Structures are given as C-alpha cells and as structure tokens.
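*Asks:* My structure is below; once you've seen it, I'll send some questions.
The values are calculated or read from the model by the stated rules, or taken from the named source; none is laboratory data. Just so it is clear, the structure is predicted and the values come from calculations on it, not from any experiment. Glycine also receives a Cβ, built like all others from the backbone with ideal geometry; neighbour counts cover every protein chain displayed.
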Amino acid sequence: MPSSTLQHQLHRCSINTATLGHRLPFEQTLELIAHAGFGHIAPWRRDLQGRDLKQTRRQLRDSGLQVNAYCRSSYLTASSREGFAAALADNRKAIEEAAELQAECFVMVVGGLAEGSRDLAAARGQVSDGIGLLLEHARQHAVPLALEPLHPMYAADRSCLSSLEQALDLCEALEPQGFHNLGVAIDAYHCWWDPKLAEQIARAGSQRRILGLHLSDWLVPTCDLLLDRGMMGDGVIDLRGLRHSVEAAGYRGAIEVEIFSRDNWWQREPGEVLKTCAQRLQQHC
C-alpha cells in the first residue's frame, strides 16, 4: 500500500539534475544531493559529457546515490535516412552510458515532427520503428527504455507521444508478450490534465511497465511552457493523489523531482533548492 506521506522517506526520492539548472560540476551536484538526504539521482547526459564514466560510477557509489534514470534520448524523428540513422547511433551510445552508470532506466523523449514536415502520423511511425530497432540493444545492456509522453503542446517539436495511453499502446505493439525492456515514465507536469490518467496508470501497473514518476507543479499562470515548472505545492496538481495512484498500481521506484525553472529556481542557491524540494516532497507529495 502507498504511504500517506513522504515524511522521513527522502531515501526513496530522487533529484533530476535539471532541477539545479546544470550549473555545477557533477561532483558538487552529487555531494549536495547526497548531503540533503536524497537516495537517488537522475543525471542528464549533458552533465557527463567528456567524463570517465567508470570514475563517475565510483563517485556515485561513494556518494551512496543510485541512478534511477538517465536522461534523455536524442529525438528519433528525422527528415532523412541519414538523420534517422544518426539518431539511432546516438541513442545506442546513450544506452551504453546508462548501463555503465547502472541506471535503472533510460528515458526516451522521442521527438515531434521532422523538420519541414506536417505529417504527424509519419512521425509516430518513425518513432515506433526507432524504438523497435533500439530494443535489442537495450536488452543486451539490461537497460529498460522508459517512454515519457509529453504534454500535447510539445507534439510539434519534442514528442509526438502526447498521452500515457499512446505510450502504452506503443509498448504493447512492440512487446506484445508483456514487459521485458519497454515501459513508461509518468511525469506529473505532462500528464496531470489527462481525463484517462487514472485508467491508464492502472493499465501500466497491471503490465508492470511503470519505470519512473516525475514530480513538479503546474503554475497558474505559467509564463513559459518549457521553463516555468512549479515547485511542488505552488501549483494546481494533486501530486499526492497522483503518487498514491502510481504506487497503488505497483510502482515502488524512486520519486523524482524534475523542475525546469529558468527565472525562479535556477536563479537560487542549489542548497536552497534542495532544501525546498525535501520540504515540499514531504508536505505535498
């Protein structure tokens, strides 16, 4: 059964490194997150560019932090065969990086319309083809792929998967015998509006496909649709209710904070951001 609150459960919680605005060296980010009492971290590839991943894995082990997710894929949609092949190659490399870091999953943000295209159905077909081609590589490296549907406002440029239902339909089409290496990441910011959300969370749980839960809040008004996510408790999402639904569906993984906030939280001291995350998770989630 899901716990009623997250009081004294920060060891179950994760900080996505985007929440700190990618401002600090990775070693310092690790130290701050671990010192704040969190048990998990979800790094972005940009934070690890040029680094020795074996050394990074040792640093993670020494910090006591587990990598619940590795963010994120290159977009799969492309206007040429060469572009599609390059996207596949980059994503295979990222899967190998996720395996080196012993990440529990690799988050897939699949891309929107290819450049110059108005054909959304073709974009979705290309995504299906691409995920299908990546699945064997994911299996070989024991890294599950977590499809993250994004809010429909991003259908043109970031993700033509706009709902949990769409993502699960794709999972079932590519893994018809049940979960092996393909699941979903449920992001509150992207999914809270969906009238089918409760039904689809239950469906995902019945298939054991829930690989992540991302929390932030939807501000009213929202000043920037990409870079003005709210701290938990500052907006209108029933975050505790969402967590309860996901955990009632069987999810026992990390509760991840992922906040893009260019004009607010990215302007504050990282220690203040982490302290506030810890407080709000326990108060509102």
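*Asks:* Could you check the range 146-160 and list, in sequence order, the residues that are surrounded by 18 or more Cβ atoms within 10 Å (Cβ to Cβ), aliphatic (A, V, I, L, M) and out of contact with any Lys or Arg (no Cβ under 6 Å at 6 or more places or on another chain)?
*Replies:* Residues satisfying the conditions are Ala146, Leu147.
*Asks:* Within the range 159-187, which residues are outside any loop (DSSP other than H, G, I, E, B) and either touching a Phe, Trp or Tyr at 6+ places or on another chain (Cβ under 8 Å) or modelled with pLDDT under 95 (or both)?
*Replies:* Cys171 - this is the single residue of the range 159-187 that is outside any loop (DSSP other than H, G, I, E, B) and either touching a Phe, Trp or Tyr at 6+ places or on another chain (Cβ under 8 Å) or modelled with pLDDT under 95 (or both).
*Asks:* Within the range 188-197, restricting attention to residues that are among the aromatic types (Phe, Trp, Tyr) and assigned to a loop (DSSP other than H, G, I, E, B), which residue is surrounded by the most Cβ atoms within 10 Å (Cβ to Cβ)? It would help to see each step written out before you state the result.
*Replies:* Our first condition is that a residue be among the aromatic types (Phe, Trp, Tyr); within the range 188-197, this holds for 189, 192-193.
Now restrict to residues that are assigned to a loop (DSSP other than H, G, I, E, B): 192-193.
Details: Trp192: 20, Trp193: 13.
By that ranking, first place goes to Trp192.
*Asks:* Oh, and also: For the range 214-223, check the following and say yes or no: at least one residue is under 18 Å from Thr19 (Cβ atoms) and touching a residue at least 60 places away in the same chain (Cβ under 8 Å).
*Replies:* Yes; the residues of the range 214-223 include at least one that is under 18 Å from Thr19 (Cβ atoms) and touching a residue at least 60 places away in the same chain (Cβ under 8 Å).
*Asks:* Now, a different point. Which number in (1) under 25 Å from Ile201 (Cβ atoms); (2) assigned to a loop (DSSP other than H, G, I, E, B); (3) not hydroxyl-bearing (Ser, Thr, Tyr) marks the one condition that Ala156 misses?
*Replies:* Of (1) under 25 Å from Ile201 (Cβ atoms); (2) assigned to a loop (DSSP other than H, G, I, E, B); (3) not hydroxyl-bearing (Ser, Thr, Tyr), only one is false for Ala156: (1).
*Asks:* Of Glu82, Glu96, which residue is touching a residue at least 24 places away in the same chain (Cβ under 8 Å) and among the acidic types (Asp, Glu)? Write out each step before concluding.
*Replies:* Working: Glu82 fails: touching a residue at least 24 places away in the same chain (Cβ under 8 Å).
The match here is Glu96.
*Asks:* Applying the selection to the range 96-114, what residues are within 18 Å of Lys54 (Cα to Cα), surrounded by 23 or more Cβ atoms within 10 Å (Cβ to Cβ) and either touching a helix residue (DSSP H, G or I) at 6+ places or on another chain (Cβ under 6 Å) or at pLDDT below 95 (or both)?
*Replies:* Correct list: Phe106 only.
*Asks:* Pick from the range 256-275 the residues that are out of contact with any strand residue (DSSP E or B) (no Cβ under 6 Å at 6 or more places or on another chain) and closer than 18 Å to His11 by Cβ: which of them is surrounded by the most Cβ atoms within 10 Å (Cβ to Cβ)? Show your work before the answer.
*Replies:* Looking only at the range 256-275, we keep the residues that are out of contact with any strand residue (DSSP E or B) (no Cβ under 6 Å at 6 or more places or on another chain), and these are 259-275.
Checking the rest, the ones that are also closer than 18 Å to His11 by Cβ come to 274-275.
Values: Leu274: 21, Lys275: 13.
Across the range 256-275, the extreme among qualifying residues is Leu274.
*Asks:* For the range 212-261, give me each residue that is acidic (Asp, Glu), in a loop (DSSP other than H, G, I, E, B) and either modelled with pLDDT under 95 or over 17 Å from Arg72 (Cα atoms) (or both). If you could, list the steps in order and put the result at the bottom.
*Replies:* Filtering the range 212-261 for residues acidic (Asp, Glu) gives 217, 224, 228, 234, 238, 247, 256, 258.
Among the residues that remain, those that are also in a loop (DSSP other than H, G, I, E, B) are: 224, 234, 238, 258.
Answer for the range 212-261, where residues must be acidic (Asp, Glu), in a loop (DSSP other than H, G, I, E, B) and either modelled with pLDDT under 95 or over 17 Å from Arg72 (Cα atoms) (or both): Asp224, Asp234, Asp238.
*Asks:* Residues in the range 101-153 that are assigned to a helix (DSSP H, G or I) and under 20 Å from the mean Cα position of the chain (by Cα): how many?
*Replies:* From the range 101-153, those assigned to a helix (DSSP H, G or I) are 120-140, 152-153; that's our starting set.
Now narrow it down to the ones that are under 20 Å from the mean Cα position of the chain (by Cα): 124, 127-128, 130-132, 134-135, 137-139, 152-153.
Qualifying residue count, the range 101-153: 13.
*Asks:* Starting from residues that are in contact with a helix residue (DSSP H, G or I) (Cβ under 9 Å, 6 or more places away or on another chain), hydrophobic (A, V, I, L, M, F, W, C) and more than 26 Å from Leu10 (Cβ to Cβ), keep the ones in the range 198-226 and report whichever is surrounded by the fewest Cβ atoms within 10 Å (Cβ to Cβ).
*Replies:* This residue is Leu225.
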